[in-house]
Amino acid sequence: MVGRAAEPEVIWARPERAGRGPRPAYSRSDIVAAAVRLADADGIDALSMRRIAADVGCGTMSLYNYVPRKEDLHELMVDAVSGEYEFTGAPSGDWRADMLAVGREARGILRRHPWVIRLMTTGYASGPNALRFLEHCLTCLEGVGLPGGAKMELIANINGTVMTIVANELALAERARGLPWSEEEEQAVRGAYLMRQLAGGAYPRLAAVMAESGATRIDPEEIFDRTLGRVLDSFVAPE
């Protein structure tokens, strides 16, 4: 990327195109859409202005008139995928259900765009879709007896929890793709090994927990909902 500005600037306050001349055949949104496509396909580390320019169909240096810094591009990309939240209509009035729905949508977005987890920071909260997200969440929480700061903290906790869960899901999936055997085969071998260790009596508490849970199937969706529910309940106890 080109040199940094002498003073802090917000990409959203910057004119879409800094250069002069005839109107080009592409826009900042075209550049960001291309960046998102490339990051989705090959990961954020494979992203470059050269590749974006080739996708858009323009010269590499001309892109800097629209996006002067790598950090600006990342912020634009994160905000672009934040536009995938489907906030149609008013909240239901059940703030727990509404916030759980937000968490589920966030999980879907992060699964579709795994690179977002690496780029997301609290500094990216001034884009139009980020502001729309916060406004929706605060509307969901309007009837909750919490001060504004606690509501913002709750939203941040939901985001952080979802990112942690999805990061683990993605890491497990990536590892499974590299195995020379099926995930089920490995889990069977690991499960048998664990049972042998527990049978020795060195881990009585863990053995008791495992015996209690038995062979109950773990439902990731139920665990996800339960985990977010506990985050919500840590702010406001269920009535």
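The values are calculated or read from the model by the stated rules, or taken from the named source; none is laboratory data. What you see is a predicted model, and the numbers here were worked out from it, not measured in a lab. No Cβ is skipped: glycine too gets one built from the backbone with ideal geometry, and neighbour counts run over all protein chains shown. Areas reflect the complete protein model, heavy atoms only, side chains present, ligands, DNA and RNA absent. Shrake-Rupley method; radii C 1.70, N 1.55, O 1.52, S 1.80 Å.
Sort through LEU198, LEU194 and tell me the only one that's in contact with a Leu (Cβ under 8 Å, 6 or more places away or on another chain), surrounded by 10 or more Cβ atoms within 10 Å (Cβ to Cβ) and in a helix (DSSP H, G or I).
Exactly one residue qualifies, and that residue is LEU198.
Check ARG118, ARG107, ARG112 and return the single one that is within 13 Å of the chain's Cα centre (by Cα), of a type in the set (Lys, Arg) and modelled with pLDDT under 95.
Exactly one residue qualifies, and that residue is ARG118.
Considering only helices (runs of 4 or more DSSP H) fully contained in the range 23-112, which possess at least 2 residues that are farther than 30 Å from LEU138 by Cβ and open to solvent by less than 20 Å² (accessible area, probe 1.4 Å)?
28-42, 49-56
All but one of (1) surrounded by 13 or more Cβ atoms within 10 Å (Cβ to Cβ); (2) at pLDDT below 95 hold for CYS137, so report the exception by its number.
Unmet condition: (2).
Tell me which residues, restricted to the range 51-108, are closer than 20 Å to VAL144 by Cα and of a type in the set (Lys, Arg).
ARG96
Looking only at the range 54-81, count every residue that is under 13 Å from ALA130 (Cα atoms) and touching a Phe, Trp or Tyr at 6+ places or on another chain (Cβ under 6 Å) and tell me the total.
2
Under the condition of being small (Gly, Ala, Ser), assigned to a helix (DSSP H, G or I) and open to solvent by 50 Å² or more (accessible area, probe 1.4 Å), which residue from the range 161-191 is nearest to ARG107 (Cα to Cα)? Outline the logic, then answer.
Taking the range 161-191 first, the residues small (Gly, Ala, Ser) are 167, 171, 173, 176, 178, 182, 188, 191.
Next, from what is left, pick out any that are assigned to a helix (DSSP H, G or I): 167, 171, 173, 176, 188, 191.
Checking the rest, the ones that are also open to solvent by 50 Å² or more (accessible area, probe 1.4 Å) come to 171, 188.
Numbers: ALA171: 14, ALA188: 28 Å.
Ranking the qualifying residues of the range 161-191, first place goes to ALA171.
May I ask you to list the residues in the range 208-227 that are among the charged types (D, E, K, R) and in contact (Cβ under 8 Å) with a residue 24 or more places away in the chain?
ASP225
List the number of the failed condition for ARG205; all other conditions in (1) free of Cβ contacts under 8 Å to residues at least 60 places away in the same chain; (2) closer than 16 Å to GLY103 by Cβ hold.
ARG205 satisfies all of (1) free of Cβ contacts under 8 Å to residues at least 60 places away in the same chain; (2) closer than 16 Å to GLY103 by Cβ except (2).
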